[in-house]
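A.B. asks: Right, I'll just put the structure down here and ask away after.
The values are calculated or read from the model by the stated rules, or taken from the named source; none is laboratory data. No experiment lies behind these values; they were computed from the predicted model shown. Because the Cβ atoms are built from the backbone with ideal geometry, glycine has one as well, and the counts that use them run over all protein chains shown.
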Amino acid sequence: MSSEHTNEGIMKNTKWAPLVDRLNPNRAVFDAALKKRWESMSKVERKRLLREDEDKIKSIKARGAQPLPFETVEDDHCETSPTAYADIVPFLKLVAKKLKKDPDALIIYDPYYCAGSVVQHLNRLGFSRVHNTPDDFYQVISSQRVPEHDVVLTNPPYSGNHFERLIDFLKSNGKPFLLLLPSHFSKRPMYQETTSLQKDMVYLTPLERYHYWTPVGRRPSEDKKRKHRNIHLGSRNSPFVSHWFISLAPLVSRKKILKLYKKKEGGLELSQGCVLHSEAVRSKGSDQAFNPTSRTDDSKQHVQEL
């Protein structure tokens, strides 16, 4: 299994982190040189750095406070963990390879907007062309303004009929897609009836349940209640059984994906603990895929500034 895209790989070499972390030897982003300078700094210089640090924190937190130009349900305001994006890198690279593109030239479209972290997370994994803007996806469809893209990648809102409307779009779109969904969505009538999509689908279960993150300001009533917070990601929600629903058709068939997965050398190398399935995984039967073994916790590390 490849360890190239573990959380540790995503989080290190951070461009910016709060002073409190850079001056703390117990933090992953500890800056020994800064710590040494800090001890001999003048009060004026310290105040300047503290002021800049405060402004930066306010700027990061503001991303979740911006109003959205479409109706939302507060409980839908959850962004995807960096770990989850790292797990599907091999599939995105496979799409790029089939299109004869470098990964950084692959055009990825996430039609659902929360606070835009998907752009930074995927950029950090080597995918620089990510389209995720605060637009009403359904108005974009009706006005025929769907942006150019090679693949759809999204963690859609789970409330209402968003899932059904997304499935309708995917049926006519004809492009590869990767959807992060609760496992029970495979039992929804709309999905059960969509044989044209199911015949090309594979399912990726992670080592453990994914956490989801709510940017500060998106759910004000919950901001003070959450114990696990990260300056970049927001407040951490409880994990639940979810996994990737993946179709790379028409570029790569399900049979070909599974063949690459089983290939020992030169095949599809997944993140440690990930398992690929040919059929939808039931929540009750997915205990082995979600074991207590934990990878690096997102909340204990810092990602590239959002």
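A.B. asks: Tell me yes or no: at least one residue of segment 237-248 is touching a Ser or Thr at 6+ places or on another chain (Cβ under 6 Å) and at pLDDT 85 or above.
C.D. replies: yes
For every residue, the table says whether it meets (1) touching a helix residue (DSSP H, G or I) at 6+ places or on another chain (Cβ under 9 Å); (2) at pLDDT below 50; (3) surrounded by 12 or more Cβ atoms within 10 Å (Cβ to Cβ).
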{"site": "E269", "(1), (2), (3)": "yes, no, yes"}
{"site": "L276", "(1), (2), (3)": "yes, no, yes"}
{"site": "A280", "(1), (2), (3)": "yes, no, yes"}
{"site": "Q288", "(1), (2), (3)": "no, yes, no"}
{"site": "D297", "(1), (2), (3)": "yes, yes, yes"}
{"site": "L306", "(1), (2), (3)": "yes, yes, yes"}
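A.B. asks: Additional query: Anything in segment 81-96 that is more than 27 Å from P215 (Cα to Cα) and aliphatic (A, V, I, L, M)? List them, or say none.
C.D. replies: L94, V95, A96
A.B. asks: If you go through segment 74-93 one residue at a time, how many are at pLDDT 80 or above and surrounded by fewer than 20 Cβ atoms within 10 Å (Cβ to Cβ)?
C.D. replies: 1
A.B. asks: Find the residue count for segment 148-164, including only residues that are over 17 Å from L94 (Cβ atoms) and either touching a residue at least 40 places away in the same chain (Cβ under 8 Å) or crowded, with 16+ Cβ neighbours inside 10 Å (or both).
C.D. replies: Selection size over segment 148-164: 10.
A.B. asks: Would you please name the residue that is modelled with the highest pLDDT, looking only at residues in segment 208-236 that are surrounded by fewer than 18 Cβ atoms within 10 Å (Cβ to Cβ) and among the small types (G, A, S)?
C.D. replies: It comes out as S221.
A.B. asks: Look through segment 96-137, keep the residues that are assigned to a strand (DSSP E or B) and in contact (Cβ under 8 Å) with a residue 24 or more places away in the chain, and return whichever of them is surrounded by the fewest Cβ atoms within 10 Å (Cβ to Cβ).
C.D. replies: Among those residues, the one meeting the criterion is H131.
A.B. asks: Can you name the residue in segment 1-45 that is part of a helix (DSSP H, G or I) and among the polar types (S, T, N, Q) and is also modelled with the highest pLDDT among such residues?
C.D. replies: Filtering first and then ranking leaves S40.
A.B. asks: Now, a different point. At pLDDT below 95 and within 21 Å of T83 (Cβ to Cβ), is that true of H162?
C.D. replies: Against the criterion (at pLDDT below 95 and within 21 Å of T83 (Cβ to Cβ)), H162 does not qualify.
A.B. asks: Quick one: how many residues across segment 70-95 are touching a residue at least 24 places away in the same chain (Cβ under 8 Å), assigned to a helix (DSSP H, G or I) and closer than 17 Å to L251 by Cα?
C.D. replies: Residues that pass the stated criteria total 6.
A.B. asks: Mind listing whichever residues of segment 181-215 are part of a loop (DSSP other than H, G, I, E, B) and of a type in the set (V, I, T)?
C.D. replies: T194 - this is the single residue of segment 181-215 that is part of a loop (DSSP other than H, G, I, E, B) and of a type in the set (V, I, T).
A.B. asks: Can you name the condition, by its number, that Q144 falls short on among (1) in a loop (DSSP other than H, G, I, E, B); (2) at pLDDT 95 or above; (3) over 23 Å from P90 (Cα atoms); (4) in contact with a strand residue (DSSP E or B) (Cβ under 9 Å, 6 or more places away or on another chain)?
C.D. replies: Unmet condition: (4).
A.B. asks: Tell me, please, whether a residue that is at pLDDT below 95 and not acidic (D, E) can be found in segment 97-105.
C.D. replies: No, the conditions are met nowhere in segment 97-105.
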